[in-house]
Amino acid sequence: MVTRRAILWSGAGAVVLTGAGLAPLLHSDLSKARAPWRVAGTGFGDKRLDALSYAVLAPNPHNRQPWLIRLDGDDALTLYCDPERLLRDTDPQDRQIVIGLGAFLELMRQASAQQGYALETDFFPEGEPYPRLDGRPIATVRFVEDPPEKDPLFAHVLARRTSRTRFDQARPVTAETLNALDQALRPDDGEFEWVNDAENITALKAICREAWRIEVETAATRHESVILTRIGDDEINADPDGISLSGPAMEAARLIGMLTREKMDEVGSIAYQSTIDFYNGNIDTSMAFGWLSTAGNSRTNQLRAGAGWVRLQLAATGLGLAMQPFSQALQEFPEMAEIYEEIHDFTGVETPRTALAGRLQGLFRFGYAKPGPAAPRWPLETRLIAADA
């Protein structure tokens, strides 16, 4: 469940608890979990740390935040992937994790440019790992004091949100707006295509609903998401990664035993069905769809797709447009194979057979909605590792 961060609940639980005099327990305070958004760029005393304070805000699957950073000398760093943060069932080829790392590198590049530093980056200096990531570095980066052109998209980094709510049905997304998103991409970021007509939107809604059904009904992928779900403020502040369920209604449901990981994993339970209904509601309010593809599917292609992904989202933020990824149909676990073929056929992107073939790297819905809160993040210092680690 890459983007499920909330469940649609009735207010019954909150009413019961309020009547019982437990209303103070229903407050929501995630200021600790959201602190990295407030401190980004406030000055860490090192050009690399200043840039990294923005990079850790990058979008990434299941909010796993898989980056580990080793500082090298006084002007370089090495980026690794934390092997404990892979999605072994949902993302069996680690493709989505690599895309998130690509978004991380792109935000670091933009933040460095703001400080007057260019980056000399070498992707996978010890080779591209297949079929899974291993201990080899994702990238080595050197900061060079050679002021590059600043990226105008950087202005939207702190306002960027992944929208997990229903979109305004009275506001269409125009071709002009979608074409403006395309202008944010550079040649290596991938190709962006879109649809905003009723027929194609209906077809893609059906594909997304079926892909979502498969992911949630497949025991392994459902369980992987459930065990990564943080329920309530205490859990989220203690472990600010994974799928966050917060707010008074969630606290109420948790306190009366209605919302637990065990119930979310129980087919037919209220928690299970509410999760399905919530996400289907989001799908059904999509006002446009877009997708990002790359000419190949190498690890480097995947990193560059991550840069393209976050650039599209920053551009959307600047236009007041809400965006949410729908990754299920693109996933490589066996139960998704038929839908995987269908979405590639629909978009006209050849189903990849090798790393040299083209590949869909992202599928997104667009619309208009009130911006939500910032996603929880681990503080930067928890993502740093020693040279001998």
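Please treat every number below as a calculation from the coordinates, not as lab data. The shown structure was predicted, so the numbers you read here are calculated from the model rather than taken from an experiment. Reconstructed Cβ throughout: ideal geometry from the backbone, glycine too, with neighbour counts over all protein chains shown.
About its Cα centre, the chain has a charge dipole of approximately 980 debye under the convention of +1 per Lys or Arg Cβ and -1 per Asp or Glu Cβ, with nothing else charged.
Ordering 69-79, 363-373 by mean Cβ neighbour count within 10 Å, with the highest value first, yields 363-373, 69-79.
Comparing Cα centroids, the range 295-355 and the range 201-267 end up 22 angstrom apart. Along its three principal directions, the equivalent ellipsoid of the range 231-389 from the Cα gyration tensor extends over semi-axes of 30, 23, 19 Å, largest first. If the chain linking TYR130 and ASP197 were pulled fully straight, counting 0.36 nm for each residue of separation and taking away their Cα-Cα distance, it would gain 20.2 nm. Once the dipole of the range 100-199 is set up with Lys and Arg at +1 and Asp and Glu at -1 on Cβ about the Cα centre, which of LEU185, PRO172, VAL144 lies farthest towards its positive end? It is PRO172. Charged side chains reduced to their Cβ positions (Lys and Arg at +1, Asp and Glu at -1) give the range 140-182 a dipole of some 440 debye around its Cα centre. Along the axis of the charge dipole computed for the range 244-307 (Cβ charges of +1 for Lys and Arg, -1 for Asp and Glu, origin at the Cα centre), the listed residues GLY247, TRP291, GLY268 are led at the positive end by TRP291.
Would you work out which of ALA337, PRO129, GLY320 lies farthest towards the positive end of the dipole of the chain, given +1 charges on the beta-carbon of Lys and Arg and -1 on that of Asp and Glu, about the Cα centre? Result: GLY320, furthest along the dipole toward the positive end. Size check on the range 119-277: the Cα extents along the three principal axes, sorted descending, read 58, 45, 34 Å. Listing THR347, THR382 from fewest to most neighbouring C-beta atoms within 10 Å gives THR382, THR347.
A simple packing score, the average count of other Cβ atoms within 10 Å per residue, orders the peptides 282-291, 149-158, 307-316 as 307-316, 282-291, 149-158, with the highest score first. Helical content of the chain, expressed as a calculated mean residue ellipticity at 222 nm, amounts to -11500 deg cm²/dmol (DSSP H runs of 4 or more residues, -39,500 (n - 2.57) each, divided by residue number, nearest 500).
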